[in-house]
1. Kindly provide the set of residues from segment 290-324 that are under 21 Å from the mean Cα position of the chain (by Cα), farther than 18 Å from Ala167 by Cα and touching a residue at least 60 places away in the same chain (Cβ under 8 Å), ordered by number.
2. Quickly run through segment 249-272 and pick out the residues that are under 22 Å from Asp337 (Cβ atoms) and without any contact (Cβ under 8 Å) to a residue 12 or more places away in the chain.
3. Consider Lys198 carefully, then state whether it is charged (D, E, K, R) and more than 19 Å from Leu339 (Cβ to Cβ).
4. Scan segment 197-209 and tell me whether some residue there is among the acidic types (Asp, Glu) and either buried (at least 16 other Cβ atoms within 10 Å of the Cβ) or under 19 Å from the mean Cα position of the chain (by Cα) (or both).
5. Of the conditions (1) in contact with a strand residue (DSSP E or B) (Cβ under 6 Å, 6 or more places away or on another chain); (2) surrounded by fewer than 22 Cβ atoms within 10 Å (Cβ to Cβ), Arg306 fails just one. Which one is it?
6. From (1) surrounded by fewer than 18 Cβ atoms within 10 Å (Cβ to Cβ); (2) part of a helix (DSSP H, G or I); (3) over 17 Å from the mean Cα position of the chain (by Cα), pick out the condition that doesn't hold for Asp342.
7. Does Lys159 satisfy the condition of being touching a residue at least 24 places away in the same chain (Cβ under 8 Å) and outside any helix (DSSP H, G or I)?
8. Return the pairs, sorted by first residue and then second, in which the second residue is exposed (fewer than 15 other Cβ atoms within 10 Å of the Cβ) and modelled with pLDDT under 90, the first residue lies in segment 352-363 and is closer than 26 Å to Gln266 by Cα and of a type in the set (S, T, N, Q), the beta carbons are less than 9 Å apart, and the residues are 6+ apart or on different chains.
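The values are calculated or read from the model by the stated rules, or taken from the named source; none is laboratory data. Everything quoted here is computed from the prediction, not taken from an experiment. All Cβ positions, glycine included, derive from the backbone under ideal geometry; neighbour counts span all protein chains shown.
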Amino acid sequence: MLRVPIVRKSPLWLAALALCALAGPVSAQQVNPAPVEQGSIDWRKANDEVSQFKRGHADVLKWESANDTEPSNQPYTPPDTWIKSADAAVRQAWRARPELAGSLSQLGVENQERIAQGRWLDVAPAARRRVEDFDTALDVAADARKAWFTAVAASLSLKLQRDMQEATAAAAELARRMTRVGNWSRMEQAQWEVKLGKMKLQTLRAEIEARQTQSALLKTTKLWGISSTVGLADAMPEVPKQELSPAAFLERVTALRSVLPRADGQKAATNAQLAFDIYRASYQATQVSKDELTLQQFINDETVLRYNGMLLSVWDLLAQTNELLQAQISAIISQRDFLIADTDLQLVLLGGAPTSFVSLGAGGESATAK
């Protein structure tokens, strides 16, 4: 199972900021940079100097209190409502539509649970013959599940994006201090300022995307106007160890066609094949992302070891920090795409028809084009 860890306040860039001590440590006792001898940086000395502070890295990081790029300083505001699972999103969307009460009653409690929990293939295609407005109930469930997956992915990606901005801000701060004492040129500092500016833009876009996807979820569940913020899960649902086999897919398509008129059955089979192709591609993408994340974690661990052994610089450490965080974001996006593609496939295998299919790797607003 693939689960992407979200690690806040990684010691990687905290250690990087600790190296700012050499170019003038910022502590509770000292706020002005002390001059240092120009020349090569003694990384071990920098780390040793940090240990002299009463609170170690915490004192060195006092500069963050005046830095408006630090997201963790924002006061916590609890969400107006919580939707902690895709199941809950589906049930809320159904409850908000009393006109579906009769259809859901005909569907039965067991089938309702299967659909809410994403086990649509456990529902026999013949159910559509006896349930009034069957397609509407399915469409509402599919929209709720996809909106929830998209909102969670955007929320988790935003947290990681903010971590990337923190790491880049740490590098920019160190570059400023090194330039101030003459260890770096102004051009070298400017390069890091440009990188920080680009990272801030990415964070702003991620913040807007997270807000938009939450709004879409609130509208889908008809909580828009009642709530303005929603609390979500802290991890994406797990990807199954094995994908649906071609044989199982063909068996399901055959069962579906048997309960539909010939023309409708042919159209459903065509839709199903496209959905299955996208499903398989998205599943493969999750495996590629999983492998990349594993490799980046290995590289990260090795980078830390070499950094601690004074074989790599803080810049190598910061660069690898961002590579790892980006790999985590990519893994989350791949999981989101698969979960949406899986929902679309299950929808068409019950005779439904999504308005569009997922665009792999797209942003939240275009993950499922309307």
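1. Across segment 290-324, the qualifying residues are Lys290, Leu293.
2. Of everything in segment 249-272, just one residue is under 22 Å from Asp337 (Cβ atoms) and without any contact (Cβ under 8 Å) to a residue 12 or more places away in the chain, namely Thr270.
3. So Lys198 fits the description; yes.
4. Checked segment 197-209: at least one residue is among the acidic types (Asp, Glu) and either buried (at least 16 other Cβ atoms within 10 Å of the Cβ) or under 19 Å from the mean Cα position of the chain (by Cα) (or both).
5. (1)
6. The failed condition is (1).
7. no
8. Qualifying pairs under 9 Å: Thr355/Ala369; Thr355/Lys370; Ser356/Ala369; Ser356/Lys370; Ser359/Ser366; Ser359/Ala369.
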